[in-house]
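The structure's right below; bear with me while I get my questions together.
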Amino acid sequence: MSSIKILGAYSTKEYNHGTSSYLIEPSIALDAGNLMRPLGRNAAKIDHIVLTHCHMEHLADIPFLIDAFFAKRNTPLNIYGLEHTLANLKRHIFNGEVWPDFTKIALLNSHAPSIIMHTIKEYKPFCIKNVSFKPIPALHAVPTVGFVITKRKTAIYITSDTCYSQTVWNEINENGSIRAVIIECTYPSAMSEAAKIHGHLTSSMVIDGISKCHRKDIEFFVSHINPKMERTIIQELLNSPLTANVTVLKDGDEINF
Ligand SMILES: [Zn+2]
Ligand SMILES: [Zn+2]
């Protein structure tokens, strides 16, 4: 059995609410919205960050992570993302103005750069150590991928930010290695217009997707809830008889799959 840890489960920051971040292995994170506080000194062990897209709540801790540990690192911090994601990270954060351009700053202990960026492509799987990542396109306001993450032959699918997308549900229905799914649910049912505009799911869209899902052997976990609307969303999700196999995530949870 494999496991991952939820470092940040929400769509925006509040007291005791961190934004999207998952610890896949001690050295591998998926998204970087909340690395520093939950990991403490173990944040120094992160060598690989895989990004789903360029929105702030998914990458906010990268500048602080490299700033805190670059003097002690012996190897570069590797960041993986779509071309659009990495271009925006360079243009708006590591641009020498908002933050130093760590892709051009050598580590003190070697000649290697502090950060190396790796471009990934939709549907093209790649491996980090012995973990495989398959990028699945999401339906969001900017180019975004979720990932089917396979460890020891079983997989968890993290959809990332997405509106209702048949591509996402096809992957869940057709990929037999998937044992668990983390699906986003940013808004309550009443906000379906905002969800469509911003590329997110409401609780009724999540319930609708699960009700049509052919796979009954999958455990569903919900993340990316807006903390201000948390109570309504959880009530709507858990009051439905169709969501018996759904767990709403919070920071610090662990998932076995
Ligand atoms: Zn987000
Ligand atoms: Zn987003």
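The values are calculated or read from the model by the stated rules, or taken from the named source; none is laboratory data. Please read all numbers here as calculations on a predicted model, not as lab measurements. Every residue, glycine as well, gets a Cβ built from its backbone with ideal geometry; the counts of neighbours run over all protein chains shown.
Can you pull out the residues in the range 17-33 that are within 15 Å of ligand 1 (Cβ to nearest atom) and surrounded by fewer than 21 Cβ atoms within 10 Å (Cβ to Cβ)?
HIS17
Table: residues versus (1) of a type in the set (A, V, I, L, M, F, W, C); (2) within 16 Å of ligand 2 (Cβ to nearest atom); (3) at pLDDT below 95; (4) more than 30 Å from HIS140 (Cα to Cα).
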| position | (1), (2), (3), (4) |
| --- | --- |
| ASN74 | no, no, yes, yes |
| GLY81 | no, yes, no, no |
| ARG91 | no, no, no, no |
| PHE94 | yes, no, no, no |
| VAL98 | yes, no, no, no |
| THR103 | no, no, no, no |
| ASN109 | no, no, yes, yes |
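Taking VAL222, is it at pLDDT 95 or above, of a type outside the set (Ser, Thr, Tyr) and touching a Cys at 6+ places or on another chain (Cβ under 6 Å)?
yes
Listed here are the residues, each with its yes/no results for (1) within 15 Å of ligand 2 (Cβ to nearest atom); (2) among the aliphatic types (A, V, I, L, M).
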residue	(1), (2)
TYR10	yes, no
ALA32	yes, yes
ALA44	no, yes
LEU51	yes, yes
LEU65	no, yes
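For the range 221-245, how many residues are free of Cβ contacts under 8 Å to residues at least 60 places away in the same chain, outside any helix (DSSP H, G or I) and surrounded by fewer than 21 Cβ atoms within 10 Å (Cβ to Cβ)?
4
When you check SER27 against the structure, is it at pLDDT 95 or above and within 16 Å of ligand 2 (Cβ to nearest atom), yes or no? Quick ask: steps written out before the conclusion?
Numbers: at pLDDT 95 or above: yes; within 16 Å of ligand 2 (Cβ to nearest atom): no.
No.
Would you mind listing the helices (runs of 4 or more DSSP H) fully within the range 34-115 where at least 2 residues are buried (at least 20 other Cβ atoms within 10 Å of the Cβ)?
Numbers: elements: 36-39, 56-59, 62-69, 83-92.
Of the helices (runs of 4 or more DSSP H) lying wholly inside the range 34-115, those with at least 2 residues that are buried (at least 20 other Cβ atoms within 10 Å of the Cβ) span 56-59, 62-69, 83-92.
Then there's this: When you scan the range 174-191, do you find a residue that is touching a residue at least 60 places away in the same chain (Cβ under 8 Å), over 23 Å from HIS55 (Cα atoms) and either surrounded by fewer than 22 Cβ atoms within 10 Å (Cβ to Cβ) or in contact with a strand residue (DSSP E or B) (Cβ under 6 Å, 6 or more places away or on another chain) (or both), even just one?
yes
Now a separate question. Which one is nearest to ASN256 (Cα to Cα), of the residues in the range 151-173 that are among the polar types (S, T, N, Q) and crowded, with 22+ Cβ neighbours inside 10 Å? Write out each step before concluding.
Initially, the range 151-173 is screened for residues among the polar types (S, T, N, Q), giving 154, 159-160, 162, 165-167, 170, 173.
Filter once more, so that each one left must be crowded, with 22+ Cβ neighbours inside 10 Å: 159-160, 162.
On the way: THR159: 17, SER160: 19, THR162: 23 Å.
Only one residue fits best here, namely THR159.
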